[in-house]
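Derivation of every value follows stated rules applied to the coordinates shown; laboratory data play no part. Just so you know, these numbers come straight off a predicted model, no measurement behind them. Note that we place each Cβ from the backbone using ideal geometry, even for glycine, and neighbour counts take in every protein chain shown.
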Amino acid sequence: MIREWTSFFVAVFSLIYIYELSLFASGAKDSALALMRNPGIIAFNVLALLFTLYHAFTWFYLIGKVQPIKMGKTTSKPWQALLVNIALLLIISYAVIQILVLR
Amino acid sequence: MPKVARLHAILWGVFSLGGFIAAFLLPVSIYLVGIAYPLGLWPMAGGDPTSAILNHHHIGTLFLFVTVAGSLYHGIFRFQSTLTELGLAPAKRALEAIGYMIIIVGILVVAYSLLLLNPGVLSLP
């Protein structure tokens, strides 16, 4: 059931960020940034990150369960898909930070 | 395949794609926008992440659109079906209607906002 509730945090964070983007677009950049500095919003974001990571890990495990890969006589296990996808998640996150934020 | 079944398959396909987006792109977005920026953690010392991402024009705009729209679709789609599993099954139609309305309005708002912030996004590179 926890897995289902991760969708609540995914949806609400998306809605908050859409509102922030609309404030940016209407020229109210200071209001948008003040919204993200609100302690309640920060606390929600910490929870949202935890639930989103839970969503990601269970999703990766599910991929390995639903679509195991056959290599010769052996078939991949769900935990192997989990590990590969966690590594991929770290690489993608680092690439996003390097390409879109630090460069 | 009947039309309704085909539409159903497409909606679940988009939901699955949104699941990948929420799994791979949303955690870093939440960290940058919602935690690193307000708390001044690495790599957000000073500037805000949304402006930094939008400074990369097309790729930054595309990243924001795909991440926010995909996550919104996935989150709302799953949440409304969770509510029906929690005993709100009689209100399934109404929940679906509200859910799709939020998804459509949300995607239109994010697309319009990004278009205003980067008007050149529709022009060819």
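A few notes on this one:
- Mean sequence separation of contacting Cα pairs (under 8 Å, at least six apart), scaled by the length of chain A, corresponds to a relative contact order of 22 percent.
- Label separation (B:Val4 vs B:Ala97): 1.7 nm, computed from points 7 Å beyond Cα along the C-beta direction.
- The distance linking region B:26-55 with region B:90-118 is 25 Å (Cα centroid to Cα centroid, whole angstrom).
- Dimensionless Rg over Rh [region B:1-95; C-alpha; Kirkwood]: 1.12
- Residue separation of A:Lys29 and A:Leu83 scaled by 0.36 nm, minus their Cα-Cα distance, works out to 15.5 nm of gained length.
- Residues in region B:1-21 that a label on A:Ser76 would reach, taking backbone N under 18 Å of a point 7 Å out along Cα→Cβ: B:17, B:19-21
- Cα-based helix-to-principal-axis angle, B:92-117 vs chain B, degrees rounded to 10: 20 degrees
- Rounded to 10°, Cα long-axis angle of helix B:3-24 versus longest principal axis of chain B: 30 degrees
- Computed helical MRE - 222 nm, the protein assembly as shown, DSSP H runs ≥ 4 contributing -39500 (n - 2.57), nearest 500: -24500 deg cm²/dmol
- Within chain A, the whole DSSP H helices whose Cα atoms reach 24 Å or more along their own axis and whose mean Kyte-Doolittle score is at least 0.0 are A:2-25, A:39-66, A:78-96.
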